[in-house]
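Input: a single structure, listed below in C-alpha cells.
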C-alpha cells in the first residue's frame with residue numbers, strides 16, 4: 001500500500017474518536033438536565049460546570065480530529 | 001460601553017474569586033488579560049476576510065506554555081521544594097505510590113498540551129468547516145434555495161458561541177491550575 005493511501009485510511013480511522021466525544025457531551029448535558037429538572041434553583045449555580053464539562057469532553061474528541069489532520073497535512 | 005467593561009470585569013472577578021480564592025486577587029489582572037486576549041482573538045477570526053490568530057498551534061502553545069510556567073513557578077515560590085509533594089496525594093497506600101506519582105506527573109505535563117490543543121483544534125476545525133460549507137453553498141447554487149443560507153447563518157452563530165466558550169474555558173482552566181498550585185490539592 002502506498003503512503004498516500006495509508007494516510008487517508010488512517011485519517012478516517014482517527015475520526016472514530018469523535019463518536020466518544022458525542023457520547024460524552026450527551027452524557028454531560030443529560031445529567032445536567034436531569035439534575036436541573038429535579039432541583040431548578042440549584043441549576044443556575046452549576047451552569048459554569050456544565051460549560052467546563054462540555055469543553056473538556058469536546059477537547060478529547062478534537063484530539064482525535066487533530067491526529068487525523070496531522071496525518072493528512074503534516075506527515 | 002462602560003457597562004460592557006463592568007460586566008466583563010465582574011464576570012472574570014467572580015471566576016477568579018470562586019476558583020482561586022482570596023489569594024487569587026493579585027493574579028486577577030493576568031487572568032483578565034488572558035480572557036480578553038483569547039476572546040478578542042477568537043472574535044476577530046469571525047470577521048470576514050480576517051485571520052484567526054488562535055487557529056495556529058504556535059500561538060496557543062506559546063500562551064499555554066506561558067501559563068504552565070507561571071503556575072509551576074508560583075507553586076515553587078509559594079511552597080518551596082515541597083511543591084513536589086503535589087504529585088503524591090495524602091492517604092495513598094505506599095505500594096501504589098510509584099505508579100500514582102508517574103501518572104500524576106504525566107497528567108501534570110499534559111496540561112499545557114491539552115490547553116493549547118483544545119483552543120487550536122476548536123478554532124481551526126470551526127473555520128475549516130465554515131469554509132467547507134461555504135464551498136457547498138457555491139456549488140449548490142440556486143438549487144438549494146434558502147437552505148444553504150440558513151445553514152451558514154446558523155453555523156456562523158455556532159462559531160461565535162464557540163469563540164466565547166473556548167475563551168471562557170481557557171480562562172477557567174487557568175484559574176483551576178492556579179488554585180492547584182496555590183493550595184496544593
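Please treat every number below as a calculation from the coordinates, not as lab data. Quantities reported herein were computed from a predicted structural model and do not represent experimental measurements. We place every Cβ from the backbone using ideal geometry, glycine too, and count neighbours over all the protein chains shown.
Angle, helix A:17-38 long axis vs. longest principal axis of chain A, Cα atoms, 0 to 90°, nearest 10?
Computed tilt is about 0 degrees.
Which FRET efficiency value, to the nearest 0.05, do you get for residue B:183 and residue B:155 by plugging their Cβ-Cβ distance into 1/(1 + (r/R0)^6) with R0 = 45 Å?
0.60
For the stretch B:10-96, what does the equivalent ellipsoid look like in terms of its semi-axes, each the square root of 5 times an eigenvalue of the Cα gyration tensor, given largest first in whole Å?
Working through the eigenvalues yields semi-axes of 33, 18, 12 Å.
Would you please calculate the Kirkwood hydrodynamic radius of the protein assembly as shown over all C-alpha pairs and express it in Å, rounded to one decimal?
Hydrodynamic radius (Kirkwood, Cα only) of the protein assembly as shown equals 20.8 Å.
In whole angstrom, and with the biggest value first, how far do the Cα coordinates of the stretch A:1-70 range along each principal axis?
Computed over the stretch A:1-70, the largest-to-smallest principal extents equal 59, 16, 7 Å.
Defining a contact as two alpha carbons under 8 Å apart and six or more residues distant in sequence, what relative contact order in percent does chain A show?
Computed value for chain A: 55 percent relative contact order.
Residues of the stretch B:153-179 with amide nitrogen under 16 Å from the 7 Å Cα-to-Cβ point of residue B:140?
B:153-157
Please state the relative contact order of chain B as a whole percent: Cα pairs under 8 Å, 6+ residues apart?
It rounds to 37 percent for chain B.
So how much slack lies between residue B:108 and residue B:17, counting 0.36 nm per residue of separation and subtracting their Cα-Cα distance, in nm?
Contour length minus Cα-Cα distance gives 30.4 nm.
Find how many whole Å separate the alpha carbon centroid of the stretch B:1-63 from the alpha carbon centroid of chain A.
Cα centres, chain A to the stretch B:1-63: 23 Å.
Can you pull the Rg over Rh of the stretch B:2-182, Cα-only, Kirkwood?
1.10
Would you please classify the overall shape of the stretch B:1-52 from the alpha carbon gyration tensor, given that a ≥ b ≥ c denote the square roots of the eigenvalues, rounded means a/c under 1.5, and beyond that prolate means a/b larger than b/c while oblate covers the rest?
prolate
Let me have the 222 nm mean residue ellipticity of the protein assembly as shown computed from DSSP H runs of 4+ only, each contributing -39500 (n - 2.57), with the sum over all residues rounded to the nearest 500.
That comes out to -28000 deg cm²/dmol.
Please find, in a Gaussian network model of chain B (springs between Cα atoms separated by less than 10 Å), the residue of B:109, B:40, B:83 whose mean-square fluctuation is greatest.
B:109
In degrees between 0 and 90, to the nearest 10, how far off the longest principal axis of chain B does helix B:57-79 point, with axes built from Cα atoms?
20 degrees
Using only Cα atoms, find the angle between the long axis of helix B:2-20 and the longest principal axis of chain B, and express it within 0 to 90 degrees, rounded to the nearest 10.
That works out to roughly 40 degrees.
Rule-of-thumb check for the stretch B:86-177: C-alpha Rg over 2.2 N^0.38 Å?
Output field value: 1.75.
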